[in-house]
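Trainee: Mind looking over this structure? Questions follow.
We did not get these values from a lab; they are worked out from the coordinates using the rules stated. Keep in mind that this is a model prediction, so the values were computed, not measured. Backbone-built Cβ (ideal geometry, glycine too); neighbour counts: all protein chains shown.
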């Protein structure tokens, strides 16, 4: 069965700190790994990673994938209170260029940033 | 362009009743998937439809069903409701094929409470 595990499950930091969130996976027919941010409502898309070793960046957020070791990290530098949210890691499976239309999600990391 | 729209946003039902939830995807998206989110289990995949065909299904009982219409709008139905069905039901849309098949855009969810 496909499995995605995130760590830590929760994290409390102060504004300005840098955080690293971890995601490891065991799936058959890996296609992509995605990170989402969920505040009070719908998860919002952050990154999609398909290739090993290529960092994706967006402002203070960055992410990298290691397909050999089957994990990804999400870094947030100079954290702000607005970064407080649940960060979800998900893996898409598929084969031959076709998606199976399913994401398997990790449990999420609850990040709390204090002023 | 408009995001994913889910209706109703909140609903309260009693055990044994049935419920139908609706989802309108982003224009141009042909894939609609449904997820159940609970505090204990996180986000769990229910099923995915692409061009009116169910492409994948999660490990939920047959009481959970769905369909997709020719305009890509989707509905999910839960019959004979149980207390444990209380959850946030999230719909997500995507192109469903090609490089960005796994990039899901979520609606705000339908919060179901079963009494």
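Trainee: Where in the stretch A:50-115 are there strands (runs of 3 or more DSSP E), lying fully within it, with 3 or more residues that are touching a residue at least 12 places away in the same chain (Cβ under 8 Å), touching a strand residue (DSSP E or B) at 6+ places or on another chain (Cβ under 9 Å) and surrounded by 15 or more Cβ atoms within 10 Å (Cβ to Cβ)?
Mentor: Where strands (runs of 3 or more DSSP E) fall fully within the stretch A:50-115 and carry at least 3 residues being touching a residue at least 12 places away in the same chain (Cβ under 8 Å), touching a strand residue (DSSP E or B) at 6+ places or on another chain (Cβ under 9 Å) and surrounded by 15 or more Cβ atoms within 10 Å (Cβ to Cβ), they are A:61-66, A:71-76, A:85-95, A:98-105, A:109-114.
Trainee: Still on this model: So if I check each of B:8, B:39, which one is under 28 Å from residue A:9 (Cβ atoms) and surrounded by fewer than 16 Cβ atoms within 10 Å (Cβ to Cβ)?
Mentor: Working: B:8 fails: under 28 Å from residue A:9 (Cβ atoms).
Being under 28 Å from residue A:9 (Cβ atoms) and surrounded by fewer than 16 Cβ atoms within 10 Å (Cβ to Cβ) holds for just one of B:8, B:39, which is B:39.
Trainee: Among the residues of the stretch A:39-50, which ones are within 20 Å of residue B:100 (Cβ to Cβ) and at the interface with chain B (Cβ under 9 Å from one of its Cβ atoms)? Even if it seems obvious, please write down each step before you answer.
Mentor: Taking the stretch A:39-50 and keeping what is within 20 Å of residue B:100 (Cβ to Cβ), we get A:42-50.
Within the stretch A:39-50, A:42, A:43, A:44, A:45, A:48, A:50 qualify.
Trainee: Looking at the stretch B:69-95, which of its residues are more than 26 Å from residue B:15 (Cα to Cα) and in contact with a strand residue (DSSP E or B) (Cβ under 9 Å, 6 or more places away or on another chain)?
Mentor: If the condition is that a residue be more than 26 Å from residue B:15 (Cα to Cα) and in contact with a strand residue (DSSP E or B) (Cβ under 9 Å, 6 or more places away or on another chain), then B:69, B:71, B:72, B:73, B:92, B:93, B:94, B:95 are the ones that fit.
Trainee: From the list A:20, A:104, A:79, which one is away from chain B (no Cβ under 13 Å) and either under 28 Å from residue B:111 (Cβ atoms) or under 13 Å from the mean Cα position of the chain (by Cα) (or both)?
Mentor: Exactly one residue qualifies, and that residue is A:20.
Trainee: Return only the number of the condition from (1) surrounded by fewer than 17 Cβ atoms within 10 Å (Cβ to Cβ); (2) farther than 25 Å from residue A:89 by Cβ; (3) in contact (Cβ under 8 Å) with a residue 40 or more places away in the chain that residue B:54 does not satisfy.
Mentor: Of (1) surrounded by fewer than 17 Cβ atoms within 10 Å (Cβ to Cβ); (2) farther than 25 Å from residue A:89 by Cβ; (3) in contact (Cβ under 8 Å) with a residue 40 or more places away in the chain, only one is false for residue B:54: (3).
Trainee: Here is a follow-up. If only one of B:40, B:16 is under 24 Å from residue A:107 (Cα atoms) and out of contact with any strand residue (DSSP E or B) (no Cβ under 6 Å at 6 or more places or on another chain), which one is it?
Mentor: B:40
Trainee: Right, another one. Please verify whether residue A:13 is part of a strand (DSSP E or B), within 14 Å of chain B (Cβ to nearest Cβ) and more than 11 Å from the chain's Cα centre (by Cα), treating the condition exactly as stated.
Mentor: Details: part of a strand (DSSP E or B): yes; within 14 Å of chain B (Cβ to nearest Cβ): no; more than 11 Å from the chain's Cα centre (by Cα): yes.
No; evaluated as a whole, the condition is false for this residue.
Trainee: Determine whether residue B:22 is surrounded by fewer than 16 Cβ atoms within 10 Å (Cβ to Cβ) and not in a loop (DSSP other than H, G, I, E, B).
Mentor: yes
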